[in-house]
Amino acid sequence: MEERKAGGETGRNARAGWLSAYAGAAMLAVIVLLSACGAADGAMRTRAADGEQVVHVFSARHYEGDQLLFERFAEKTGIQVREVKGTAVELVERLRAEGGEANADLFIAADGGVMEYAKRRGVLQQMRDELVERQVPADWRDPDRYWVAIAARARVIAYAKDRVAPGELSSYEDLTDERWKGRVLARSSSNLYNRSMLASFIALNGEQQAARWASGIAGNLARPPEGGDIAQVKAVAAGVGDAAIVNAYYIGQMLQSQDPEEARAAERLGIVFPNQHSIGTHVNVSGAGLTRYARNRENALKLLEFVTSREGQTLLVQESFEFPVNAEADMPALLESWGPFKAQPVDFAAMLDYSDKAAELFISAGWD
Ligand code: FE2
């Protein structure tokens with residue numbers, strides 16, 4: 001299988017184009033798309049009634065807004081979306097074990113490394129769809145056509161506005177400084193968001209530097225890692241620590257939350273897109289690919305066409321606060337307010353290739 005080369009010029013330029021479309025002015029941005037959000041396997045297999053048009057989705061995304069997207073698609077096309085949720089690896093292994101018996105047409109995950117994993121495990125098939133290829137820039141698509149990105153996310157630093165001065169933090173490395181001892185919050189290193197971030201750091205900065213960074217963070221933690229990104233935001237708001245490493249979209253989701261505690265916590269935090277004067281902010285993607293034995297292939301492609309359309313992307317990012325891959329999409333005011341940012345060049349194959357090494361470095365660092 002042909003593998004994608006890290007940091008290639010073509011990729012760099014194409015990705016820069018996307019970011020510039022969003023961000024304006026010159027930037028060397030390269031973006032990665034990944035996503036892996038754990039969720040219980042609510043595997044409920046449903047069979048289509050006679051004549052009913054369906055598409056079966058195996059999804060490792062865990063955002064409520066996806067349901068709205070699927071409902072809108074059903075309204076427009078009459079095609080019902082049946083969704084099975086699970087962790088990314090769980091779903092890939094299930095696709096592999098069930099083979100042609102699997103009731104799945106589209107696989108969706110929130111991590112580019114996992115999409116690469118699904119491709120290498122042989123559970124996806126190549127797809128050619130002119131509309132999808134027009135809507136998603138080349139650099140947001142697997143070069144071998146096994147999957148495409150449907151949204152991008154940035155892993156940023158969220159800080160307590162009342163305790164951290166603007167300009168005090170500008171890079172991931174700042175958080176390893178002595179001044180931050182006992183003030184940093186981060187979730188477990190077993191989480192895919194952290195794993196892929198460190199794997200990217202290894203690819204970009206080398207193993208030694210990545211190891212130093214992980215040790216520096218582990219040594220500055222305010223408490224042993226616990227909870228997800230939302231829990232880190234709440235802990236900063238509660239004064240457990242002063243800054244946390246989180247995906248930016250959680251701030252948007254929390255500000256919109258029906259839970260007043262979440263909204264209040266997010267209001268107290270500011271965010272920094274780190275490393276704007278060096279390597280850029282770590283980015284990852286959510287991706288989608290046609291399963292190898294898809295029975296509702298045409299419907300799955302129609303869903304993918306919708307999800308990557310201007311309408312689908314606008315709806316998706318309105319709910320999830322990720323960044324759209326289709327530059328025509330409208331973004332929520334909050335995303336616009338964050339302004340342009342420089343993203344790290346990221347490579348999905350490298351993200352997967354260095355994943356085990358990242359886990360090893362986290363263990364050595366004492367980042368549980
Ligand atoms: Fe997430």
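The values are calculated or read from the model by the stated rules, or taken from the named source; none is laboratory data. Because the structure is predicted, anything quoted here is derived from the model rather than measured. A quick note on method: Cβ atoms are made from the backbone with ideal geometry, for glycine too, and the neighbour counts reach across all protein chains shown.
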Next item on the list: For Glu311, work out the one condition from (1) closer than 30 Å to Arg96 by Cα; (2) in contact with a helix residue (DSSP H, G or I) (Cβ under 9 Å, 6 or more places away or on another chain); (3) not in a strand (DSSP E or B) it doesn't fulfil.
Entry: (1)
Check: Could we say that Tyr293 is touching a residue at least 24 places away in the same chain (Cβ under 8 Å), closer than 30 Å to Asn205 by Cβ and not polar (S, T, N, Q) here?
Finding: no
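Can you confirm whether Thr291 is in contact with a Pro (Cβ under 6 Å, 6 or more places away or on another chain), modelled with pLDDT of 95 or more and more than 14 Å from the ligand (Cβ to nearest atom)? So that I can check it myself, show each step before the final result.
On the way: in contact with a Pro (Cβ under 6 Å, 6 or more places away or on another chain): no; modelled with pLDDT of 95 or more: yes; more than 14 Å from the ligand (Cβ to nearest atom): yes.
Against the criterion (in contact with a Pro (Cβ under 6 Å, 6 or more places away or on another chain), modelled with pLDDT of 95 or more and more than 14 Å from the ligand (Cβ to nearest atom)), Thr291 does not qualify.
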Margin query: Quick check on my filter: what residues within the range 160-189 are modelled with pLDDT of 95 or more and either under 19 Å from Gly227 (Cβ atoms) or aliphatic (A, V, I, L, M) (or both)?
Written below: Ala160, Val164, Leu169, Leu175, Gly182, Arg183, Val184, Leu185, Ala186, Arg187, Ser188, Ser189
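Would you mind stating whether Val89 is within 16 Å of the ligand (Cβ to nearest atom), at pLDDT below 95 and in contact with a helix residue (DSSP H, G or I) (Cβ under 9 Å, 6 or more places away or on another chain)? Even if it seems obvious, please write down each step before you answer.
Values: within 16 Å of the ligand (Cβ to nearest atom): yes; at pLDDT below 95: yes; in contact with a helix residue (DSSP H, G or I) (Cβ under 9 Å, 6 or more places away or on another chain): yes.
In short, yes.
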Notebook entry, point to check: Here is a list of conditions, (1) small (Gly, Ala, Ser); (2) more than 22 Å from Ala186 (Cα to Cα); (3) outside any strand (DSSP E or B), and Ala149 meets all of them except one; can you say which number that is?
Noted result: (3)
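Residue-wise test of (1) touching a Gly at 6+ places or on another chain (Cβ under 6 Å); (2) at pLDDT below 95; (3) closer than 15 Å to Leu335 by Cα.
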site	(1), (2), (3)
Ala222	yes, no, no
Ile230	no, no, no
Gly239	no, no, no
Tyr250	no, no, yes
Leu255	no, no, yes
Ala263	no, no, no
Ala266	no, no, yes
Next item on the list: Return the total of residues in the range 55-84 being away from the ligand (no atom under 16 Å from the Cβ), under 25 Å from Asn247 (Cβ atoms) and among the basic types (Lys, Arg).
Entry: 1
